[in-house]
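All remarks here apply to the structure that follows.
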Amino acid sequence: MRIHVTYTGGTIGMVDSPKGLIPGADLHGWLSLILKGTQLGEGNVTITDLDPLIDSSNATPDNWQAIIDDLWMNHDDADAFVVLHGTDTMSYSAAALSYALTDFGKPVVLTGSQLPLGMVETDATANVTGALNATLSHRADGVTLFFGHHLFAGNRVTKSSSWAFEGFSSPATGPLARTGAPWRWYPVERAGCGWADPQPYTRHDVVVLDMVPGITAERLSHILKPRPEAVLLRAYGVGNVPSDEPGLTDVLREAIEDGMPVIVASQCEQSEVLLGHYETGDAIARAGAVGAGDMTLEAAYAKIVFLLSQGLRGQELASWVCKSIAGELTPAYKALR
């Protein structure tokens with residue numbers, strides 16, 4: 001089996017410097033030592049180093065597209081793909097790749113580590129070998145993320161810890177699999193309509209805004225002027241906002257009338273956005289806001305950027321939020337607005 005590795009940077013390949021950790025470890029040599037004597041052998045794994053290598057905190061949609069371009073460039077020469085990525089924004093990248101690669105036809109597994117590969121106590125070896133094993137299983141379809149002995153759907157995962165070796169979780173669905181002898185696999189709904197011939201990712205002006213007790217209409221109005229291309233509003237519970245705050249829902253209604261889509265997610269990791277279930281969510285539903293179902297923040301944000309990159313705007317974009325492109329939300333939520 002031929003596997004191609006796209007190395008983007010991140011903690012896994014970092015070394016000390018006077019200004020802190022920076023990319024610079026001999027990842028190629030390290031990987032060769034891991035593979036020596038295994039069933040993959042020599043010559044069956046190729047590696048591309050993206051230029052520049054980055055700390056994933058610096059990632060942008062341009063970096064998402066650079067990964068996608070490298071995957072397509074090597075598509076015909078490999079049977080499966082592993083992307084080595086920093087942990088801070090790996091779940092954003094995994095979601096972004098899932099929307100853009102519905103027609104890719106080969107497994108893509110993202111992974112990284114909490115500690116650099118040069119440290120005795122590193123989790124890099126377990127995560128990289130786990131990602132490689134996921135590709136060898138022939139069951140890791142689409143875009144997935146392997147970390148801390150678990151394999152997750154790439155657009156269902158969130159970073160839940162900055163220090164634990166089990167640093168990622170999938171609040172709505174749980175993992176696809178966990179390591180063992182043999183691995184244990186679990187049923188997870190991943191149906192989506194796909195997207196043929198997607199346009200490249202480009203940067204867009206998307207505001208992500210948390211509701212907090214005491215936020216005023218005046219403050220919200222200032223945040224939304226000039227109008228961004230879209231707003232991802234992280235509300236309470238099932239999509240509730242402070243409806244008693246004078247003028248708050250009017251600000252959102254006016255923004256929607258100006259053609260700015262308002263997508264409502266939840267601040268809860270395990271969330272089911274049901275606009276109108278409570279009076280405090282009904283007003284923004286009637287104003288034209290749409291719910292993000294049970295999508296993670298990362299999946300919802302990357303989806304909005306993907307749709308904007310395809311040229312969608314306003315209500316046309318909003319109508320796609322509750323449609324599953326790559327299994328990013330539970331199909332039952334398609335009718336929940």
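Considering only alpha-carbon pairs that sit under 8 angstrom and 6 or more positions apart, the relative contact order computed for the chain is 15 percent.
Here the relative contact order of the stretch 206-322, from alpha carbon pairs under 8 Å that lie six or more residues apart, stands at 26 percent.
Applying both filters, DSSP loop and at most 11 other Cβ atoms within 10 Å, to the chymotrypsin sites (Phe, Trp or Tyr not before Pro) of the stretch 81-188 gives 163. Considering the chain as a Gaussian network with a 10 Å cut-off on Cα pairs, which listed residue, 54, 223, 22, attains the greatest mean-square fluctuation? It is 223. For a paramagnetic label modelled on residue 2 (point 7 Å from Cα along Cα→Cβ), amide N atoms under 15 Å away belong, within the stretch 91-134, to 106-107.
Apply 1/(1 + (r/R0)^6) to the Cβ-Cβ distance of residue 161 and residue 202, taking R0 = 25 Å, and write down the FRET efficiency to the nearest 0.05.
On the way: r = 32 Å, r/R0 = 1.27.
Efficiency for this residue pair is about 0.20.
Cross-link list 36/159; 36/303; 106/303; 36/106: which exceed 30 angstrom alpha carbon to alpha carbon? Walk me through the intermediate numbers first.
Values: 36/159 32 Å; 36/303 39 Å; 106/303 21 Å; 36/106 25 Å.
The pairs that break the limit, which is 30 Å between Cα atoms, are 36/159; 36/303.
The stretch 119-182 and the stretch 28-99 have Cα centres separated by 15 Å. When the accessible area of the stretch 206-322 is computed with all protein chains present and a 1.4 Å probe, what percentage of it is carbon and sulfur? C and S fraction of accessible area: 48 percent. Accessible surface computed residue by residue for the stretch 121-279, with neighbouring protein chains in place and a 1.4 Å probe, gives 47 Å² per residue.
Between residue 47 and residue 33, the distance separating the two model label sites (each 7 Å from Cα on the Cα→Cβ line) works out to 1.2 nm. Expressed as a whole percent, the accessible surface of the stretch 3-185 that belongs to carbon and sulfur atoms is 52, based on a 1.4 Å probe.
Taking the Kirkwood radius as the inverse of the mean 1/r across Cα pairs, report the Rg/Rh of the stretch 3-185. Mind showing how you got there, number by number?
Numbers: Rg = 14.9 Å, Rh = 16.1 Å.
Rounded to two decimals, Rg over Rh is 0.92.
Residues within the reach of a label modelled at residue 217 (point 7 angstrom out along Cα to beta-carbon, backbone nitrogen below 11 Å), restricted to the stretch 232-264, are 244-254. In a simple Cβ point-charge model (Lys, Arg +1; Asp, Glu -1; nothing else charged), the stretch 89-172 has a dipole of about 160 debye relative to its Cα centre. The calculated pair-distance distribution of the stretch 210-323 uses every alpha carbon pair, bins of 10 angstrom beginning at 0, and gives 16, 50, 32, 2 percent.
Between beta-carbons, use under 12 Å as the cut-off and find the net charge around residue 220, counting Lys and Arg +1, Asp and Glu -1. Overall, the nearby charge balance is -2. In this simple spin-label model, placing a label point 7 Å from the Cα along the Cα-to-Cβ direction at both residue 103 and residue 245 gives a separation of 4.3 nm.
Could you work out Rg/(2.2 N^0.38 Å) for the chain, with Rg from alpha carbons only?
Rounded to two decimals, the normalised Rg is 1.03.
In loop segments of the stretch 233-335 as defined by DSSP, the GluC sites (Glu not before Pro) with at most 13 further C-beta atoms inside 10 Å of their C-beta are 269.
The values are calculated or read from the model by the stated rules, or taken from the named source; none is laboratory data. Values in this document were obtained by computation on a predicted structure and should not be read as measured data. All Cβ positions, even for glycine, are placed from backbone atoms using ideal geometry, and neighbour counts span all protein chains on display. The accessibility values were calculated without ligands, DNA or RNA, using every heavy atom of the protein model including side chains. Shrake-Rupley method; radii C 1.70, N 1.55, O 1.52, S 1.80 Å.
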